[in-house]
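Read through the structure below, which is laid out as structure tokens, and then see the notes.
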Amino acid sequence: MADSAKENSLGQREADGLQMSQQSRYHPAKLVKLFCCIVSSQVVSSLTMARRKKAGYAAATQNLGEWLRQMRDEKGVPLRIVAAAADMDQAHLSKIELGHRVPTEKQSAALARYFSVDSHDMEARRIAEKFRQDFADNPAAGMAVQMLNEGPLNE
């Protein structure tokens, strides 16, 4: 009889311990903290994935895609409207805004008309973006830019 009382007592302590561990494991404060960590981690991860940039040549000014997105946001128009005005696919314009693609000369001219900006300014930004993307990892890119700044361009 003493053995069965010990077993019941031991079994009860294990059950109590299990209940306590489950209570502490699912404490509301711990759940809130865990949830906040998960959510903030997902937000940071999605922003990092969406805005991944090449390492190397760092731009001193806003790149073409950021500039286009800023103008689109200021106008309050959706991506599909601007893409249609520039006669391009919505996915292509999205990639341009993210810095993954460069618009063609024709698309740049259409974007300049849509946003009412100088076409030469738009084309200069397009060329600069093309240069950034093509030579981002080239250590001589900075020297090439300095050479372009030193001598006059044929106009």
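Among the conditions (1) at positive phi; (2) at pLDDT below 95, residue 116 misses just one, which is (2). How many residues does region 80-94 hold that are exposed (fewer than 15 other Cβ atoms within 10 Å of the Cβ) and either touching a residue at least 12 places away in the same chain (Cβ under 8 Å) or of a type in the set (Lys, Arg) (or both)? Within region 80-94, residues that are exposed (fewer than 15 other Cβ atoms within 10 Å of the Cβ) and either touching a residue at least 12 places away in the same chain (Cβ under 8 Å) or of a type in the set (Lys, Arg) (or both) number 2. Filtered by the rule that a residue be part of a loop (DSSP other than H, G, I, E, B), polar (S, T, N, Q) and either under 15 Å from residue 83 (Cα atoms) or touching a residue at least 60 places away in the same chain (Cβ under 8 Å) (or both), region 117-155 gives a lone residue, 138. Does residue 75 qualify as being farther than 18 Å from residue 63 by Cβ, out of contact with any Ser or Thr (no Cβ under 9 Å at 6 or more places or on another chain), in contact (Cβ under 8 Å) with a residue 24 or more places away in the chain and among the charged types (D, E, K, R)? So residue 75 fits the description; yes.
The values are calculated or read from the model by the stated rules, or taken from the named source; none is laboratory data. Fair warning: this is a prediction, and the values are worked out from it, not measured in the lab. All Cβ positions, glycine included, derive from the backbone under ideal geometry; neighbour counts span all protein chains shown.
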